[in-house]
Amino acid sequence: MTATDTNSINAAPDTGADDPNRVRIFDTTLRDGEQSPGCSMNLEEKVRVALILEEMGVDIIEAGFPIASNGDFEAVREVANAVKTSSVAGLARASSKDIDRAWEALKGAAQPRIHTFLSTSPLHMRVKLQMEPEEVHQAIVDSVSHARNLCPDVEWSPEDGSRTEHDFLCRVVESAIRAGATTINIPDTVGYAVPGEFAELITMLFNRVPNIDKAVISVHCHNDLGLAVANSLAAVDAGARQIECTINGIGERAGNCALEEVVMALRTRPDVMPYTSRVDTTFITRASHLVSTITGFAVQPNKAIVGANAFAHESGIHQDGVLKDAQTYEIMTPESVGLTESNLVMGKHSGSHAFREKLKDLGYGDLGQNAIADAFQRFKDLADKKKEVFDEDIIALVDDTIQHDSDRIRFVSLQVVAGSKGPQTAELELEIDGEVAATKSDGNGPVDAIFNAIKVLCPHSATLQLYQVHAVTGGTDAQAEVTVRLEEDGKTVNGQGADADTLVASVRAYLHALNKLSVKREKTAPAALSA
């Protein structure tokens, strides 16, 4: 397909001429975020996250790295076909093979973007690439030109841009724009920059690159020093108009710039940052919970915007002030990030119609008849056990039902004998590929007995790296959410399960991890994906 054919099918890139103060939000949860150890998502999970990102108004969704594996290719292609209003990007190294593979996955998108990159810092060129600067420069021109001949929207990134020599950075940025790049992204790949220094870097590019006005300037900041959000906002003040970020700030090492933090900073402080985004912030809590549930990465309680304590006030002085006027200690409302209380109270006498209405209130779309039926049955079982069923309970059990919907290994029943006298034993029944199997095992405690029983029914060599329990709500009858991390042959996955019984939740979490491990895609070395 020629560039002319492409332009007739796909929308032209957004240049931002309509509003010079609008900041584009480029979400890379599905690509950079997924590179966190144990954070792998399957195809269906990627599509679910992509659809909520689209619904909340994210401008560009980076769906993955198509050359990395067949699984990644299929996921990028499915996201590209599913998303209609956001641009969908695929990452590619500076090679024709990578770029062609990315375009093959993206070409069905309404607004495709090829994102290609190459290292430009002296250290990376010498050690990682083993290339001379002139070779790097030519590779940049060749790769961007090739991508632009395929796709009308091309983003280019100089990996380790914040540690690149200024003269060389200016030269390659100018060449990339001349070769057809519509967005130039400046990454702080190792999270080394500080805000003033990073802003000066962006200002320097605007002052020295003659064709800088022909492209949108973007930034991609890592959080190794806890400065990713601060660096990104400083860059916007210096003229950048795209921020690359992730939900909950997940990503390699210490993570990325957190989408929810930069978006709410822009929304809350227009007096000092007169910039806007298209993001509907009322989707933030829902998106945060979805990503946390799928990845198994719990959000720390004191996390800005989406942490459990973000709008909690324990100090007597604070409580007194908030009761008199919420603005005394709250600079944002809970409602502004989607923390709303539903008026529809659910209990054991609630019917399926009320349950469906509750799901709509909580922001769930069409889950399908089977998923709704399963979730409703689990809700009724929970309502028989709990005095009060909270919104958080319903969210936990619905998400748990959805994520286990396609599992080949399913929980059937569990009976445990525990206590100080011992022995601790577990009688476990599972459905494996449609066949029911049962066993009885003992162990050093009930959880160990349960996991030993799973190994009998589902032999594997995975080792347990993390076992974590937290309560969904308060009270002794609270549901438990359990996170399990398994590692096998260098592959790490997280599984999560929820249930009123902590031990049953433990089984669900372990099985979720095993199911993910069985379909985990082969990946190339993470160093190749670092842009």
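No lab work stands behind these numbers, since they all come straight from the coordinates. Keep in mind that what you see is a predicted model, and the values were worked out from it rather than measured. Reconstructed Cβ throughout: ideal geometry from the backbone, glycine too, with neighbour counts over all protein chains shown.
One table, with the values for the structure above:
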read-out: Full-extension gain in nm, GLU335 to GLN300, via 0.36 nm per residue minus C-alpha separation; value: 10.6 nm
read-out: Whole-Hz couplings from phi, Karplus 6.51/-1.76/1.60, listed for region 297-307; x for Gly and Pro; value: 8, 5, 7, 4, x, 9, 5, 4, 6, 10, x
read-out: Residues whose placed amide H lies under 5 Å from that of GLN465, excluding near-sequence neighbours; value: ARG485, LEU486, GLU487
read-out: Potential lengthening between ASP237 and LEU466 on full extension [0.36 nm per residue; Cα-Cα distance subtracted]; value: 78.3 nm
read-out: J(HN,Hα) series, region 254-263, from Karplus relation 6.51 cos²θ - 1.76 cosθ + 1.60, nearest Hz, glycine and proline x; value: 8, x, 10, 4, 7, 3, 5, 6, 5, 5
read-out: Packing-based order for 279-286, 233-240, 22-29, using average beta carbon neighbours within 10 Å, highest first; value: 22-29, 233-240, 279-286
read-out: Antiparallel content of DSSP bridges confined to the chain, in %, to 5; value: 50 percent
read-out: Inter-part distance where region 220-238 and region 446-511 are each reduced to a Cα centre, Å; value: 36 Å
read-out: For MET41, MET346, MET131, order by how many other beta-carbon atoms lie within 10 Å, fewest first; value: MET131, MET346, MET41
read-out: Cα radius of gyration and Dmax for the chain (Å); value: 24.5, 78
read-out: The chain: angle of helix 195-208 to the longest principal axis, Cα-based, in degrees nearest 10; value: 40 degrees
read-out: LYS385 paired with ARG278, simple spin-label distance in nm, labels 7 Å along Cα-to-beta-carbon; value: 4.4 nm
read-out: Space enclosed by the convex hull of the alpha-carbon atoms of region 352-403, per residue, Å³; value: 72 Å³
read-out: FRET efficiency for LEU123 and VAL412, using Cβ-Cβ distance with R0 set to 45 Å, rounded to 0.05; value: 0.25
read-out: Label zone at GLU104, where the point sits 7 Å out along the Cα-to-Cβ direction: region 28-70 residues whose backbone N lies under 13 Å; value: 66-70
read-out: 5 Å binning of all Cα-Cα separations within region 182-295, expressed as whole percents from 0 upward; value: 2, 12, 22, 22, 20, 13, 6, 2, 1, 0
read-out: C-alpha long axis of helix 369-385 to longest principal axis of the chain, angle in °; value: 50 degrees
read-out: Ellipticity estimate at 222 nm from DSSP helix runs (n ≥ 4, -39,500 (n - 2.57)) divided over the chain, nearest 500; value: -12000 deg cm²/dmol
read-out: For HIS166, HIS512, order by how many other beta-carbon atoms lie within 10 Å, fewest first; value: HIS166, HIS512
